[in-house]
Each structure stands twice: as structure tokens, then as C-alpha cells.
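The values are calculated or read from the model by the stated rules, or taken from the named source; none is laboratory data. Fair warning: this is a prediction, and the values are worked out from it, not measured in the lab. Here Cβ is always computed from backbone atoms with ideal geometry, including for glycine, and neighbour counts include all displayed protein chains. The protein model used for the area step is the full one, side chains on, heavy atoms only, and it has no ligands, DNA or RNA in it. Shrake-Rupley method; radii C 1.70, N 1.55, O 1.52, S 1.80 Å.
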Amino acid sequence: MTTRRRGLSLLLVAGLGLGAVSCGSGDDKPGAQGSGGPVTITVGCQPPKSNPKEREAWDADVAAFQKLHPDITIESKDAFPCINPDTFQAKLAGGTQEDVFYVYYTDVQKIIKARQAADISQYIGEVKAAKDLRPDVQGVFKDGDKTYGLPRNNYNMGLVYNRKLFTQAGLDPDSPPKTWAEVQAAAKKIAGLGAGYVGFGEYSAGNTGGWHFAASLYARGGSMVGDDGKTAAFNSPEGKAVLENLKTMRWNDNSMGSKQLLQWEDLMRMMGSGKLGMMIGAPDVVQSVNNDFQGKFEDYGVTAVPESEGKSSLSGGDGYMFNPKASPEKIKAGLLWLEFHELTPGQGQFNYARAKEQGRPVGLPIPDLYGDSAPGKEIVALRKQFATVPVDHFTPYVTAQSTITNKLEPPKAQELYAVLDVAMSAVLTRQDADIDKLLSDAESKANKILAKNT
């Protein structure tokens, strides 16, 4: 993911164009009809002052929105992080939770089950954009036929690769691998470029190994837990295939390098150095490598995780829900704001013209809220029109999305990832690692964790 996965998913939108809108008015603009009377709403996750460009864009959007809706006042809240599970309940009980509050996808269902968010089903029909949202994305905020929020950001994992190294190794950078067999073959060629070159890199420590195990497992059609969420499901043919593939590349092909027990920053640094051929990661890995690890946007491409087409990809994102104490007037006003700022092509977070003027990168294929629907196509066209990064380098990733279903992290994700770090590190550091035993041991530990969860 963007920026560091460890709890910083809210930064995914930085650099994507959190932004504004033309300041015109009229009924052709989303929600130009007003909400029926003066109302003030508090809205969470205003960019902090440490992100001045994003903050400036947000404030401009608030001013533009209030010009369109003189009867609505927005009070922005910039608490960082935007949501803190440790204080969430206290804020809700104390009446300080925002009317429109920010959430990670992974917290949504817990909030719904605890009745900590308002049911907005009767109002969602007023959000014209909602009908075009990807069903799997909007489904994150649903429980049965009831709706409790709207998405702001959505991404899923892909395969990030160094196009420059592909060319040097005699591979076609416009035709990246679609199967793990093709990844193996490409990794061997890249590793063969000389000392220090690594064909494929993988995590195996700090819970990151288990995280990427889940990404590879989902792409093969497997699951981390059973449908009831009470038992582990990764000790499966798909789970075994994940570890066998890594063991082969590490020990038979010698295409993964000898340095293992890698965590988040290690692979990012390797990719930025120009010596790593491929790694699993969301498209914003390219932005982070460019901004923080001396890489260059033009050297990288992204495609889908191998073999995920027609199956699933580990996904994540964020959005907004409503305080259960919010009045109907506040909910309606909040929906108008969310449609204005988060869901309309060409404005709010999709104001790529402004993002380009501000010097922020434009062209990453996230957030993907609409898929191949009309708004989705319009957003893609705008990204290309105002692009500051090579949009075509993400084409393989974008093309595959229509056949891939987003799949969220499992319950007790971090604890399960820690358990699977053991299996991941074992196959990458011990040539005689027993995959069947590793998965059996991990399954036993995971079942105890999940039993506590239920």
C-alpha cells in the first residue's frame, strides 16, 4: 500500500488529488438543491497542517460547497490519525464524534454490529453516484439490505515491477506476468543480470509476511478464514501453492536473493535502488518509491497479482459513516458533501487539474470506486488528461480490474499475519522447511486466535 501499510492507510489519498471544484452553482451540480434548512455538520479527516497542499484543497472545497449550499455549514476536524480505535467509543459516548466520521474498511462491520453508525438506507437514493459504485466497494458499507456509509478510497493489491529491468533482461515491459510460472521465469532472467539483482522480493517479518501471504492466497482463489469467521482456511491447496512457489524461487532458482526476513522498508528501498524486479504491492507503491526511495515513476509498472483474474485480490480503503445520533438533516447534508467531495469526477478528490497545478502526482489508478461504469471511465480520462506520471504503465492493472473481486482482510488480521510470518520466513530461510507442517502449525494457532475473537 502507499505509504507504509502498518496502520497508515489513511495516507493513501495523499497525492491523489484531495481536492476542489469549480465554484459555480446551479442544479446541474451534485446536490445543488440544498437540505431544507440551516444545518451545521462536523466532518472528520481534514488533511492536517503538515500536508499544506491537501489542506488548501480541502478548505477550497468546503468554501465551494458552502457557496452551492448556503444553508449548510461544515466544521472540519483534522485529528490525526483520522480514526483511533482506542478513543472511538469514548468520543461516541461523549458526544464528540463527528457527524460524518472517517473509517477504514476493516472497521466498518464492527461499527455496524456495535450500532455505532446511523442507518442511511432511506437517504442513499438521493446520492445519484451511488448507483454506479462498484458493488464490492459499496458492499463494504452494507449489512444485508441496509447501508451505513460511502467509500472515499479503494485499492487492491497488484504486482509492481521494474520496467527498466524487464527490458534489460529481454522481457516485454508491456506484457508483464499473468501466472506465477511466468513470474518465476522472469525472476530468473532478472536475477541473471548480475550480482545484487533480485528477481522477486517478498516480506517475511513484522506481520508483513503474513499480509503478503494473504494477498497471494486470495489471488489463487483461497481464503484466510472460513465463511463463519471462526476457523482458519489457509491450510489448503492454495495456501500450500503460495509457499511452494516461494520455496522454488528461493532455493531452486536463486532468484530471490540471499537476504531474507524483509519488512516494508526493505523492499521499498530495493525497488528504489533499481535492483529489484518484482514485488506484490498496490499501485501507490510506485509513488512511495518515487517520493521516498530515489526511484523514478517512469521506471515502474503495475499489473494484477498473477492468477487473480476471475478471482479475488486483497483490498483495502476508507470512507465515511454517520454518527448514530445525527439528525436526518445532518445525514442529508453529509451525503451532499460526500457526493460533492468524494464521488464526483472532476471535482473534490478527483480534481486532477488542480492536483497537477499543485505539483502533486496524477495518474495512479486509485481510488477505483466505479470500475468500468460511466463515472469510472470519466475519471480514467481525466487522469490521463492531467497525468504527471506514465498512465500507460498501469494499464495492465486497470484492464484486469473488471474481472477481480475485492476481498477484505480477515478478522484478527494482524494476529493471523504474525502467525503466518513464521511459515513465510521458514520457507525463505530454510531449504528443508516442511510446508505441510508449517501450515498445520499455523492453522492450529490461528484457530485459537479466532476462537477468542468469537
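Output yes when any residue across the range 118-141 is closer than 18 Å to PRO283 by Cα and in contact (Cβ under 8 Å) with a residue 40 or more places away in the chain, and no when none is. Yes. Candidates in the range 62-79 are the residues that are in contact with a Ser or Thr (Cβ under 8 Å, 6 or more places away or on another chain), open to solvent by 20 Å² or more (accessible area, probe 1.4 Å) and in a loop (DSSP other than H, G, I, E, B); of these, the one that is nearest to VAL103 (Cα to Cα) is LYS77. Name every residue in the range 355-399 that is more than 18 Å from THR344 (Cα to Cα) and within 16 Å of the chain's Cα centre (by Cα), in order of residue number. Hits for the range 355-399 are PHE394, TYR397, VAL398.
Note on the range 251-264: residues that are on the phi < 0 side of the Ramachandran plot and surrounded by 15 or more Cβ atoms within 10 Å (Cβ to Cβ) total 8.
Does the range 97-116 hold any residues that are in contact (Cβ under 8 Å) with a residue 40 or more places away in the chain, of a type outside the set (A, V, I, L, M) and under 12 Å from ILE83 (Cβ atoms), and which are they? Residues satisfying the conditions are GLN97, GLU98, PHE101, TYR102, TYR104, TYR105, THR106, GLN116. Might you check whether a residue that is assigned to a loop (DSSP other than H, G, I, E, B) and surrounded by 17 or more Cβ atoms within 10 Å (Cβ to Cβ) occurs anywhere in the range 88-96? Scanning the range 88-96, I find no residue that is assigned to a loop (DSSP other than H, G, I, E, B) and surrounded by 17 or more Cβ atoms within 10 Å (Cβ to Cβ), so the answer is no.
Each residue in the range 47-61 was checked for being crowded, with 17+ Cβ neighbours inside 10 Å, touching a residue at least 24 places away in the same chain (Cβ under 8 Å) and not hydrophobic (A, V, I, L, M, F, W, C), and 5 of them qualify. Scanning the range 106-116 for residues that are out of contact with any Phe, Trp or Tyr (no Cβ under 9 Å at 6 or more places or on another chain) and open to solvent by less than 60 Å² (accessible area, probe 1.4 Å) turns up just one, ALA114. Whenever a residue of the range 388-417 is over 24 Å from SER373 (Cβ atoms), its partners that are open to solvent by 50 Å² or more (accessible area, probe 1.4 Å) and polar (S, T, N, Q), lying with C-beta atoms within less than 6 angstrom and at least six residues away or across chains, give the pairs GLU409/THR106; PRO411/ASN453; LYS412/ASN453. Among the candidates LEU420, LEU428, the residue that is part of a helix (DSSP H, G or I), closer than 24 Å to ASN245 by Cβ and out of contact with any Phe, Trp or Tyr (no Cβ under 6 Å at 6 or more places or on another chain) is uniquely LEU428.
Quick check, is PHE350 surrounded by fewer than 24 Cβ atoms within 10 Å (Cβ to Cβ), in contact (Cβ under 8 Å) with a residue 12 or more places away in the chain and among the hydrophobic types (A, V, I, L, M, F, W, C)? No. Taking each residue of the range 273-287 that is at negative phi and looking for partners that are at pLDDT 95 or above and of a type in the set (D, E, K, R) with beta-carbon atoms closer than 8 Å, six or more apart or interchain, yields MET279/GLU202; ILE280/GLU202. If you go through the range 133-183 and keep only what is within 20 Å of the chain's Cα centre (by Cα) and of a type in the set (Asp, Glu), you end up with just ASP136.
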